[in-house]
Amino acid sequence: MSDHIIRGMAANNQVRFFAGTTRDIVETARSIHNTSPVATAALGRLLTAGALMGAQCKNESDVLTLQIQCNGPIGGLTVTADAHSRVKGYVNNPNVILHANDKGKLDVAKALDLGVLSVIKDIGLKEPYVGQTQLVSGEIAEDLTYYFATSEQIPTSVALGVLMEKDNTVKQAGGFIIQLMPFASDELIDVLEKRLNEFSSITSLLDEGKSPLDIIKDVFEGYDVVVTDELPTEWHCNCSKERYYNAVLSLGKKEIASLLEEGEPIEVNCQFCNSHYKFSPDELKEMLLKAAAK
């Protein structure tokens, strides 16, 4: 099934959940950025988190940015998502190669090492909301669990995963976010803690053919599960020549004049999708006239 997210409530509305499969998104990112396996796993986890958190947005125009700045060889990652769970992202060092960790898995934690996770929410206010926490493990799912607990004071469980094929393409990717409502009972909390502690990897379950709904039903076995809606999620970059034209124009008269002195076209590259946009000297002259008129 193509990438999608389900959201809903469980255990008599004591819990809300977001769960999805994101293989196509992560494979698109891998193909665009030519990422190494460990970089694919790291970026894929953050893209999946972005898609799930995009599904939490309340307004159509909301935009969410997840940014990790870190000391590890991956250098950092950036993902943005909108309220329709459309995502894009990039990794600072897509070519990082590391040995597997002691469990034989891709060592995302070592690729990131120490760092800071920032969640930036642009919800139409004068200034965006920014929440920041230290990376607690570098595994990204645990770091986001910690972020929700400390910055948003919401008891949360986050699972994220990327499973690679032998040819280094993406075999499976997906995740879930489960959040307790303030009135959740102690009994439910105890049951969920036990089940989530025993939870195997999300990608192994997806690889068995289970859907996001199957996985949520397994977690909440014995409780009601109500899916309120299902939405597609996809890779989407909204860059365009017009957007970059305006970006160059915003540099101002002095900077545009300096670019024009070279007498050569300039090329602007989108970090998210690797699209290239060229501006001719004539277009730069047009910008200079517009900048001078301001």
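The values are calculated or read from the model by the stated rules, or taken from the named source; none is laboratory data. This structure is a prediction, so every number in the text was calculated from the model and none was measured. A quick note on method: Cβ atoms are made from the backbone with ideal geometry, for glycine too, and the neighbour counts reach across all protein chains shown. What goes into the accessible areas is simple: the full protein's heavy atoms, side chains included, and nothing from ligands, DNA or RNA. Shrake-Rupley method; radii C 1.70, N 1.55, O 1.52, S 1.80 Å.
Summary table
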read-out	value
Residue under evaluation I215, criteria (1) open to solvent by 90 Å² or more (accessible area, probe 1.4 Å); (2) modelled with pLDDT of 95 or more, criterion not met	(1)
Flag if K241 is of a type in the set (D, E, K, R) and either more than 28 Å from L47 (Cα to Cα) or without any contact (Cβ under 8 Å) to a residue 12 or more places away in the chain (or both)	no
Residue under evaluation A19, criteria (1) crowded, with 24+ Cβ neighbours inside 10 Å; (2) part of a helix (DSSP H, G or I); (3) in contact with a strand residue (DSSP E or B) (Cβ under 6 Å, 6 or more places away or on another chain), criterion not met	(2)
Unique residue being of a type in the set (S, T, N, Q) and buried (at least 24 other Cβ atoms within 10 Å of the Cβ) when the list is S61, S85	S85
Flag for V119 being β-branched (V, I, T) and either buried (at least 18 other Cβ atoms within 10 Å of the Cβ) or assigned to a helix (DSSP H, G or I) (or both)	yes
Of all residues making up region 221-280, the number that are of a type in the set (S, T, Y), within 28 Å of F17 (Cβ to Cβ) and surrounded by fewer than 15 Cβ atoms within 10 Å (Cβ to Cβ)	1
Which numbered condition V96 fails, given (1) assigned to a loop (DSSP other than H, G, I, E, B); (2) surrounded by fewer than 15 Cβ atoms within 10 Å (Cβ to Cβ)	(2)
Number of positions in region 257-284 that are hydroxyl-bearing (S, T, Y), under 30 Å from P94 (Cβ atoms) and assigned to a helix (DSSP H, G or I)	0
Leading residue by the ranking (farthest from P212 (Cα to Cα)) among those in region 122-155 that are assigned to a loop (DSSP other than H, G, I, E, B) and under 16 Å from the mean Cα position of the chain (by Cα)	L135
Members of region 159-185 found to be farther than 15 Å from V38 by Cβ and open to solvent by less than 20 Å² (accessible area, probe 1.4 Å), listed by number	A159, G174, G175, F176, I177, I178, Q179, A184
Exclusive hit being on the phi > 0 side of the Ramachandran plot, assigned to a loop (DSSP other than H, G, I, E, B) and either in contact with a Leu (Cβ under 9 Å, 6 or more places away or on another chain) or surrounded by fewer than 21 Cβ atoms within 10 Å (Cβ to Cβ) (or both), set N13, N101	N13
Pair list, Cβ < 9 Å and 6+ apart or interchain, from region 185-196 residues that are modelled with pLDDT under 95 to residues that are of a type in the set (V, I, T) and open to solvent by 40 Å² or more (accessible area, probe 1.4 Å)	none
Qualifying positions in region 156-168 - part of a loop (DSSP other than H, G, I, E, B) and either without any contact (Cβ under 8 Å) to a residue 12 or more places away in the chain or under 21 Å from P212 (Cβ atoms) (or both)	E165, K166, D167
Some residue of region 52-68 being assigned to a loop (DSSP other than H, G, I, E, B), aliphatic (A, V, I, L, M) and in contact with a strand residue (DSSP E or B) (Cβ under 8 Å, 6 or more places away or on another chain)	yes
Residue selected from region 186-206 under the condition within 21 Å of the chain's Cα centre (by Cα) and surrounded by fewer than 18 Cβ atoms within 10 Å (Cβ to Cβ), by the criterion farthest from Q172 (Cα to Cα)	S201
Some residue of region 77-89 being free of Cβ contacts under 8 Å to residues at least 12 places away in the same chain and outside any strand (DSSP E or B)	no
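Results for (1) assigned to a helix (DSSP H, G or I); (2) touching a Gly at 6+ places or on another chain (Cβ under 6 Å); (3) over 27 Å from L43 (Cβ atoms), shown as yes or no for each residue.
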{"residue": "G209", "(1), (2), (3)": "no, no, no"}
{"residue": "I216", "(1), (2), (3)": "yes, no, no"}
{"residue": "E230", "(1), (2), (3)": "no, no, no"}
{"residue": "E255", "(1), (2), (3)": "yes, no, yes"}
{"residue": "E286", "(1), (2), (3)": "yes, no, yes"}
{"residue": "L289", "(1), (2), (3)": "yes, no, yes"}
